[in-house]
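Participant: Submitted below is the structure of interest, expressed as structure tokens.
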Amino acid sequence: MYNIALRITSDPDAASDCAQEAFIRAYKALHQYDPSLPFGPWIFRIATNASLNHVQRWHAHQTVVDELPESVVCLVERLEPDSLRRILDLDPRRGDRRPSGHVQRQHRPGI
């Protein structure tokens with residue numbers, strides 16, 4: 001069930017959640033299962049539906065931002081390159097972007 005959810009969601013954490021949701025749904029609907037039919041396709045369909053529902057809900061909450069808000073643009077323009085690199089935890093040798101979990105107090109925007 002996890003593999004089905006992973007193929008649909010492309011996210012290991014979401015796949016785990018969907019597989020768990022599918023097991024819960026299957027348990028609650030066990031009284032509706034017809035024992036004369038194979039069990040595998042029944043429970044796999046539940047996993048598929050749980051995964052598709054997750055993807056549908058996820059896409060409904062996504063919003064596309066064409067432009068950054070003016071306040072963010074002003075903040076970024078005021079920062080020096082070294083400050084911005086520390087905030088984003090950029091390593092110029094590797095060229096990767098790993099957002100750091102902690103932003104130093106002097107680099108936090110005022111509210």
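Where a number appears in this text, it was derived from the coordinates with a stated rule and is not lab data. Nothing here was measured: the structure is a model prediction, and the numbers come from that model. Here the Cβ positions follow ideal geometry from the backbone for every residue, glycine too, while neighbour counts run over all protein chains shown.
Participant: Between Gln32 and Arg45, what is the spin-label point distance in nm, taking each point 7 Å from the Cα along the Cα→C-beta axis?
Facilitator: In this crude spin-label approximation the distance works out to 1.0 nm.
Participant: Which log10 I(q)/I(0) values does region 2-61 give at q = 0.12, 0.30 Å⁻¹ under the Debye formula, counting every alpha carbon as one identical point scatterer?
Facilitator: -0.28, -1.19
Participant: Residue separation times 0.36 nm, minus the C-alpha to C-alpha distance between Tyr2 and Val55: what's the value?
Facilitator: 17.6 nm
Participant: Using a 10 Å cut-off on Cβ atoms, rank the peptides 46-52, 30-36, 10-16 from the highest mean neighbour count down.
Facilitator: 46-52, 10-16, 30-36
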